[in-house]
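Colleague: Got a structure for you, questions after.
Just so it is clear, none of the values below were taken in a lab; they were calculated from the coordinates. Because the structure is predicted, anything quoted here is derived from the model rather than measured. Here Cβ is always computed from backbone atoms with ideal geometry, including for glycine, and neighbour counts include all displayed protein chains.
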Amino acid sequence: MPDPVAIALLVAASYLVGGIDFGVIVPRIMGVDIYGKGSGNPGTSNVYRTLGRGPALLVMVGDAAKGLGAAALGSLLISDAVGFACVLAAVVGHILPVWHGFKGGRGVATAIGGLGWLAPWPGLVIAVVWLAIVVVLKIASAASLLAMVLYVPAAIIQGHRGAALIWAGATAVVVVARHSANIRRLVSGAERRIAGEAAG
């Protein structure tokens, strides 16, 4: 039986690592306070609108790496279920980062990064679908919400069952909840595209 203390330490470490927000750090290195730009969200989309493709790519890769690292840590040391729990902790850390005044991003890249370890091929399909929607529609939130709808099915396709699916589902719910304002704007046709204009 896994040691509860070890699990708690892994989850806590994943939360703290998840709180290292590249959407804040990369712009800050470039002399920009991302909280005061565009939507004010320290995520890939807002960094792209504010600073362009290169910095946005760094943010996306860094945020995804947090999820992948958390998944690998929990999975290798204890179990895949704990890996998914660590991904959830990293996502919560990204959304509510202790290092940045609890003002974080929406957790999509971190969540998908976790699938990169725990469900690599389904996770890759989700990443490609996300990218395709962003390229075609230029609405990152729509792509992100679809990715979260596919999150648990991806875990099932990979063969995960039981507690792993519970943690995967919780991760998807947390990320969708963080998109509540985006959902309202999507419904009203007022959601911003990557380039900055409204979608409707």
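Colleague: On C-alpha positions alone, give me the angle between the axis of helix 120-137 and the longest principal axis of the chain, in degrees, nearest 10.
Modeller: The helix 120-137 is inclined about 10 degrees to the chain.
Colleague: When a/c is below 1.5 the answer is rounded, else prolate if a/b is larger than b/c, else oblate, so apply that to segment 1-63 with a ≥ b ≥ c taken from the square roots of the Cα gyration tensor eigenvalues. Can you show the working numbers first?
Modeller: Values: a/c = 3.54, a/b = 2.97, b/c = 1.19.
Since a/c reaches 1.5 and a/b is larger than b/c, the shape of segment 1-63 is classed as prolate.
Colleague: How long are the three semi-axes of the equivalent ellipsoid for the chain, computed from the Cα gyration tensor as the root of 5 times each eigenvalue, in whole Å, largest first?
Modeller: Values: eigenvalues 149, 74, 36 Å².
So the three semi-axes of the chain are 27, 19, 13 Å.
Colleague: Test of understanding: extend the Cα→C-beta vector of ALA132 to 7 Å, then name every residue of segment 88-126 with backbone N under 20 Å from that spot.
Modeller: 109, 112-113, 115-116, 119-126
Colleague: What fraction, in whole percent, of alpha-carbon pairs in segment 140-191 exceed 17 Å separation?
Modeller: 40 percent
Colleague: Moving to a separate point now. Could you work out [θ]222 nm for the chain from helices alone, using -39500 (n - 2.57) per DSSP H run of at least four and dividing by all its residues? Round to the nearest 500 deg cm²/dmol.
Modeller: -23000 deg cm²/dmol
Colleague: While we're on this one: Quick one: what are the phi-derived ³J(HN,Hα) couplings along segment 64-72, Karplus 6.51/-1.76/1.60 with θ = phi - 60°, whole Hz, x for glycine and proline?
Modeller: Result, rounded to whole Hz: 5, 4, 4, x, 5, x, 5, 4, 5.
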